[in-house]
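In what follows, a single structure is set out as structure tokens and then discussed.
No value in this document is a laboratory result; all are computed from the given coordinates. Quick caveat, the model's predicted, so the values are computed rather than measured. FYI the Cβ positions are ideal-geometry reconstructions off the backbone, even for glycines, and counts take in every protein chain you see.
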Protein chains: 2
Amino acid sequence: MALVAGVEQVRTVPQASLDPLSRLLKSDLEGVNRLILERMQSPVALIPRLASHIVAGGGKRLRPMLTLGCARMCGYRGDRHIALAAAVEFIHTATLLHDDVVDASDLRRGRDTANAVWGNKPAVLVGDFLFSRSFELMVADGSLRVLEILSRASAIIAEGEVMQLMTTGNTATTEADYLAVIQSKTAELFAAASRIGAVLAERLPKEEEALDRFGRNLGTAFQLVDDMLDFSARQSELGKSVGDDFRDGKVTLPVLLAFSRGDEDERGFWRRTLEELDQQPGDLERAIHLVECRGALAETLARARTYAAAATRALAPFADGPERRALIAAAAFAGDRRF
Amino acid sequence: MALVAGVEQVRTVPQASLDPLSRLLKSDLEGVNRLILERMQSPVALIPRLASHIVAGGGKRLRPMLTLGCARMCGYRGDRHIALAAAVEFIHTATLLHDDVVDASDLRRGRDTANAVWGNKPAVLVGDFLFSRSFELMVADGSLRVLEILSRASAIIAEGEVMQLMTTGNTATTEADYLAVIQSKTAELFAAASRIGAVLAERLPKEEEALDRFGRNLGTAFQLVDDMLDFSARQSELGKSVGDDFRDGKVTLPVLLAFSRGDEDERGFWRRTLEELDQQPGDLERAIHLVECRGALAETLARARTYAAAATRALAPFADGPERRALIAAAAFAGDRRF
């Protein structure tokens with residue numbers, strides 16, 4: 001007789017890690033990586049060269065893992081999830097390449113992105129290529145329902161990215177604005193990636209919706225932590241990059257909270273550095289100090305954990321098993337990661 | 001008894017004009033324009049604002065007209081061609097927005113593109129939005145065959161655009177390189193737009209292929225004339241923009257021909273202006289003079305007419321009628337237009 005763990009039991013000891021999911025999906029993930037390498041090829045040599053800088057750059061493969069893990073948890077036993085997970089990763093990669101496009105005014109803040117190395121235009125065009133390849137993979141799979149989910153998600157991601165431009169440099173951005181941005185630009189693809197797992201297994205609409213909710217909450221938690229880590233002194237000590245959002249003038253939750261809790265002098269600091277983008281040596285350090293001492297980082301992290309818990313709750317309709325436990329560990333990771 | 005005109009007869013008096021096609025498709029085109037306006041809406045206000053700069057900017061709507069006209073010529077009587085024509089135009093518009101992305105080094109050559117007005121990043125993201133919308137339209141239509149044709153075409157367009165970057169500033173570009181670029185970046189979408197007309201009408205594979213050939217040859221003719229017009233003194237007299245390709249260092253057929261037919265001094269001129277992008281006042285005028293006196297413009301136009309004639313020949317399997325005659329006039333226009 002199989003032991004079915006109660007939701008409470010798994011919620012009280014959530015292991016915050018991607019490892020269980022990676023281990024469980026090892027051979028599926030290898031299939032995804034092979035397909036990604038195969039489908040990013042082109043007779044136009046610059047395309048695989050530039051794409052490999054970002055695709056093969058060894059991201060966490062978190063989004064494709066959600067497709068694979070959700071499909072497996074739903075009892076799917078075929079191999080269509082491999083191609084669809086690769087399609088999800090291609091959409092993500094195209095988004096990254098386009099998100100890194102810079103205007104002339106940004107160029108002084110050169111970074112080691114594909115755009116900085118090869119220029120905007122090749123990065124944009126290779127993004128288009130990968131985006132098209134993503135649709136080719138979905139078309140070859142043949143599910144109009146999956147195509148519907150991912151084409152809609154792609155449009156919403158673009159809307160989220162444009163909304164983000166509107167909030168950049170704007171300290172009047174509200175928490176609702178910020179949430180709308182991250183729900184669209186980030187959480188939407190997590191939701192779609194998870195949902196198609198249920199579509200593959202031909203599960204009920206309410207199970208599709210449960211997985212959409214799982215992915216959406218997990219994605220929101222993931223982005224909140226991402227925005228928190230950009231101001232993390234500990235990240236900086238570990239030699240990891242911090243301050244990218246600050247240099248871009250992005251108004252994320254840590255900034256919003258520190259701004260609303262700060263005094264006049266602090267608000268002046270945020271306006272100068274983010275609205276006017278007038279940044280001096282020492283400003284990033286002061287920003288890190290302010291978000292820390294105003295409790296903005298702790299609050300951001302607390303909210304991330306709330307979303308991660310909601311992701312876990314969304315898995316309640318599914319029977320316990322290694323996949324479900326691994327997905328819960330992934331949700332905990334999204335809300336509690338240090339990298 | 002209907003009079004069926006022989007191919008020779010129509011080829012000898014081809015009216016070079018888009019008017020017959022525009023007239024014939026007037027109400028279909030109005031439907032396409034309505035749908036375009038409707039589907040470019042978004043709660044994110046910058047999206048319709050920027051999109052309307054380019055979508056509603058009143059292009060020729062040549063590509064969607066090919067979808068509409070080919071579907072009608074094939075006897076299609078439904079209304080699915082409206083949405084698919086809009087999808088084709090959205091792909092074209094997204095490509096335009098991304099093609100205008102500039103790197104810092106290009107900014108001194110500011111032009112009145114969406115990118116120049118709003119910056120690279122909004123233009124790229126709105127392009128992504130329109131591209132996603134295009135797939136949403138196709139998914140709602142529900143034909144996997146159409147999705148296959150247009151997702152593949154999109155990948156090839158991106159390859160062509162990247163190939164074009166490789167030939168830019170390179171006077172060693174061969175005619176074969178140049179043809180590969182324009183076949184991919186331009187002719188592929190014309191081919192796909194035309195082919196789906198046959199798909200809608202459920203015509204035979206060989207008729208699909210005939211329409212693909214029609215669109216591909218027409219698109220090649222169109223791009224050849226486009227590249228010729230960029231050096232046209234007459235365009236300049238009409239107050240139209242010339243020299244965009246020259247300023248970008250693009251190595252198009254007029255340049256290739258003038259380079260290979262030129263003397264050492266002339267080759268030095270092309271190398272300085274296109275490879276080193278060292279351009280002085282008077283250089284564009286000299287370039288226009290050189291492509292003219294070396295017969296490069298006349299030769300480019302002659303080739304365009306050859307492709308236009310091949311487009312017309314590709315329509316041989318189809319019965320004569322107003323749609324076929326209008327498509328033949330459009331092919332003649334592509335090879336003989338002055339704007």
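Worth pointing out:
- Rounded to the nearest Hz, the phi-derived 3J(HN,Hα) couplings of the range A:295-303 under the Karplus curve 6.51 cos²θ - 1.76 cosθ + 1.60 (θ = phi - 60°) are x, 6, 6, 4, 5, 4, 5, 4, 5, where x marks glycine and proline.
- For chain A, averaging the sequence separation of C-alpha pairs within contact (under 8 Å, six or more residues apart) and dividing by the residue count gives a relative contact order of 24 percent.
- The residues neighbouring B:Val44, those whose beta-carbon lies less than 10 Å from its own, together hold a net charge of -1 under the Lys/Arg +1, Asp/Glu -1 convention.
- Distance from the range B:149-213 to the range B:30-86 (C-alpha centre basis), Å: 20 Å
- Cα extents of chain A along the three principal axes, largest first (Å): 62, 53, 33
- Residue by residue along A:141-151, Cβ atoms of other protein chains within 10 Å of the local Cβ number 4 on average.
- Seen through its C-alpha gyration tensor, with square-root eigenvalues sorted a ≥ b ≥ c, the range A:116-229 comes out oblate because a/c lies at 1.5 or above while a/b is not bigger than b/c.
- For the protein assembly as shown: Kirkwood Rh in Å [reciprocal of mean 1/r, alpha carbons]: 26.9 Å
- Inter-copy label distances at B:Glu202, using a point 7 Å along Cα-to-Cβ, come to 2.6 nm with the shortest given first.
- GluC sites (Glu not before Pro), loop per DSSP, at most 16 other Cβ atoms within 10 Å - longest free stretch of chain B: B:1-201
- Gyration tensor verdict on the range A:206-339 (Cα atoms; rounded if a/c is under 1.5, prolate if a/b is larger than b/c, oblate otherwise): prolate
- Counting Cβ atoms of other protein chains within 10 Å of each Cβ in A:117-123 and taking the mean gives 6.
- Residue exposure sequence - A:Val32, A:Val126, A:Val255 - by fewest surrounding Cβ within 10 Å: A:Val32, A:Val255, A:Val126
- Multiplying the residue separation of A:Arg34 and A:Arg272 by 0.36 nm and subtracting their alpha-carbon distance yields 80.9 nm.
- Under the Karplus curve 6.51 cos²θ - 1.76 cosθ + 1.60, θ = phi - 60°, whole-Hz ³J(HN,Hα) for the range B:63-75, x wherever Gly or Pro sits: 5, x, 5, 5, 4, 4, x, 5, 4, 5, 4, 7, x
- Using the Cβ-Cβ distance between B:Ala302 and B:Ala233 with R0 = 22 Å, the FRET efficiency computed as 1/(1 + (r/R0)^6) comes to roughly 0.75.
- Temperature 37 °C, viscosity 0.692 mPa s: under these conditions the Stokes-Einstein estimate for the range B:275-338, based on its Kirkwood radius over C-alpha pairs, is 231 µm² per second.
- Residue by residue, the range A:30-47 carries 3J(HN,Hα) couplings of 4, x, 4, 5, 4, 5, 4, 4, 5, 7, 8, 6, 6, x, 8, 4, 4, 5 Hz when phi is fed to the Karplus relation 6.51 cos²θ - 1.76 cosθ + 1.60 (θ = phi - 60°); x denotes Gly or Pro.
- Copy-to-copy label distances for A:Glu264, where each label lies 7 Å from Cα along Cα-to-Cβ, are 7.6 nm in order of increasing length.
- Partners for B:Lys121 among lysines (Cα-Cα distance below 29 Å; same-chain residues under 8 apart left out): A:Lys60, A:Lys121, A:Lys185, A:Lys240, A:Lys250, B:Lys60, B:Lys185, B:Lys240, B:Lys250
- Across peptide B:38-46, the mean count of Cβ atoms from other chains lying within 10 Å of each residue's own Cβ comes to 3.
- Taking the longest Cα principal axis of chain B as reference, the axis of helix B:80-99 is set at about 10 degrees.
- Taking amide H atoms as placed 1.01 Å from N in the peptide plane, the amide H of B:Ala16 has no partner under 5 Å among residues 5 or more positions away or on other chains.
- Proximal aspartates and glutamates relative to B:Lys26, as straight alpha-carbon distance under 15 Å, when same-chain residues fewer than 8 apart are discounted: B:Asp79, B:Glu323
- Sequence-distant contacts, meaning Cα pairs under 8 Å at least 6 residues apart, place the relative contact order of the range B:116-234 at 21 percent.
- Qualifying trypsin sites (Lys or Arg not before Pro) in the range A:149-215, DSSP loop, other Cβ atoms within 10 Å at most 11: none
- The range B:305-339-the range A:287-339 distance, computed between alpha-carbon centres (Å): 61 Å
- Label-point spacing at A:Arg23 relative to the other copies reads 7.6 nm, in ascending order, each point sitting 7 Å out from Cα along Cα→Cβ.
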